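**Q** The structure under discussion is supplied below as structure tokens; questions concerning it will follow.
The values are calculated or read from the model by the stated rules, or taken from the named source; none is laboratory data. Keep in mind that what you see is a predicted model, and the values were worked out from it rather than measured. Note that we place each Cβ from the backbone using ideal geometry, even for glycine, and neighbour counts take in every protein chain shown. All accessible areas refer to the heavy atoms of the entire protein, side chains included, with ligands and DNA or RNA removed. Shrake-Rupley method; radii C 1.70, N 1.55, O 1.52, S 1.80 Å.
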Amino acid sequence: MALHNEVVAGLAARLDEAAVAGTAIPQVVSAAGVSADDAYAVQAALLDRRLERGERLVGLKMGLTSRAKMAQMGVDEVIWGRLTDAMAIADGGSVDIGGLIHPRVEPEVAFLMGRDVEEGDDFASSVEAVAPALELIDSRYADFRFSLPDVIADNTSASGYAIGPWQQPPAGLADLAVRLEVDGETVESGSTAAILGDPRNAFDEAVRLAARHGVRLRKGWVLLAGAATAAVPLPAGAEVRAVVAGLGTATLRALPGGGGDRG
Ligand code: 0L1
Ligand code: MG
């Protein structure tokens, strides 16, 4: 049964207000009996609120792309969310985390679309560049705890992202070593293989899953393919770097409040 518009708008308002105020809320979406599929309607309404404030939709992100995260949530499918220009953090720049609830950061791989992508289009003909990236996530739910519909509605915990230098897609992306450094110390290490076996599979999943909701990757959009390691808490004052073998680095600094290079 389709969700009533007022329910969708009310849940989107709760999530948006939590993000703007930096205050955690309970799992209101699952409490309202919303399915994972219907939760995408709440996510779309949440995006509309950002667009009404002047933000632009500039891409998509994939979440729960590692088998470990899927198993943790008891699901066998990845999820996706939306990226706006206001979430972007300049590579090497800073982000104000003073207004966030419990920020975490994870190393990713980003793709740049070279054309409008239709269902059935493949990675090679659609993706014009690849880059190392950092994703800043911040669940709006208390204790970073949620069910699948909750996290989908909450735009898959999206909060920010920094993208390193773009380059032509290399021949292979399936098993590149990845390190996450905080203040020069490696805190997580892994491989791009953790992203659905090969990050290029995240492109196929993004095309397939977003199309179910009428969303298509557009020329110039970014796609964050997913995390190559576990996310770690982001302490104020820290400098964080994702190091992806063969691709380079993406860096951001977390400020305790005031300033920052977003958008
Ligand atoms: O980008 C991600 O994989 C996050 C997906 C949502 C789950 C979480 O917040 O850990
Ligand atoms: Mg992520």
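**Q** According to the square roots a ≥ b ≥ c of the eigenvalues of the Cα gyration tensor, what is the shape class of region 81-165, taking rounded for a/c under 1.5, prolate for a/b larger than b/c otherwise, and oblate for the remainder?
**A** oblate
**Q** Percent relative contact order of region 154-263, based on C-alpha pairs within less than 8 angstrom and at least six residues apart? List each step's numbers first, then the result.
**A** Working: 143 pairs, mean separation 34.0, N = 110.
Once divided by the residue count of region 154-263, the mean separation gives 31 percent.
**Q** Could you sort the peptides 241-254, 17-30 by per-residue average Cβ neighbour count (10 Å cutoff), highest mean leading?
**A** Details: 241-254: 21.5, 17-30: 17.3.
Per-residue Cβ counts within 10 Å, averaged per peptide and sorted highest first, yield 241-254, 17-30.
**Q** Counting only other residues whose beta carbon sits under 15 Å from that of Ala124, what net charge do I get with K and R as +1, D and E as -1?
**A** -4
**Q** Given just the C-alpha atoms of region 2-74, how large is their convex hull per residue in cubic angstrom?
**A** Convex hull of Cα atoms, per residue: 120 Å³.
**Q** So what's region 54-126 giving for Cα Rg divided by 2.2 N^0.38 Å, two decimals?
**A** Relative to the 2.2 N^0.38 Å estimate, region 54-126 comes out at 1.36.
**Q** For Glu119 and Glu6, what does the FRET efficiency come to when R0 = 22 Å and r is the distance between their Cβ atoms, rounded to the nearest 0.05?
**A** 0.10
**Q** Also, quick follow-up: Over its Cα atoms, what ratio of radius of gyration to 2.2 N^0.38 Å does the chain give?
**A** Here the answer is 0.93, to two decimals.
**Q** Follow-up question, since we're still on this one. Using only the alpha carbons, work out the radius of gyration and Dmax of region 146-220 in angstrom.
**A** Cα only, region 146-220: 15.3, 42 Å (Rg, Dmax).
**Q** At 0.36 nm per residue, minus the direct Cα-Cα distance, what do Ala230 and Ala24 gain on full extension? Give it in nm, one decimal, please. Intermediate values should be presented prior to the final figure.
**A** Working: separation 206, 0.36 × 206 = 74.16 nm, distance 2.17 nm.
Difference between extended and current length: 72.0 nm.
**Q** Hey, another quick one. Distance in nm between label sites at Asp37 and Glu17, each 7 Å beyond Cα in the beta-carbon direction?
**A** 3.0
**Q** Would you mind checking the radius of gyration and Dmax of region 164-263 based on alpha-carbon positions, in Å?
**A** Gyration radius and largest Cα-Cα distance of region 164-263: 15.4, 42 Å.
**Q** If you roll a 1.4 Å probe over region 5-255 with all protein chains in place, what percent of the accessible area is carbon or sulfur?
**A** Carbon and sulfur atoms account for 48 percent of the accessible area of region 5-255.
**Q** Determine the sum of side-chain charges near Tyr141: Lys and Arg each +1, Asp and Glu each -1, restricted to other residues whose C-beta is under 9 angstrom from that of Tyr141.
**A** -1
**Q** OK, next. Could you work out the helix-only [θ] at 222 nm for the chain, with each DSSP H run of four or more residues adding -39,500 (n - 2.57) and the total divided by the number of residues, to the nearest 500 deg cm²/dmol?
**A** -7500 deg cm²/dmol
**Q** Same structure again: For the pair Arg212/Asp143, report the inter-label distance in nm, with labels modelled 7 Å from Cα in the Cβ direction.
**A** About 2.9 nm separates the two model spin labels.
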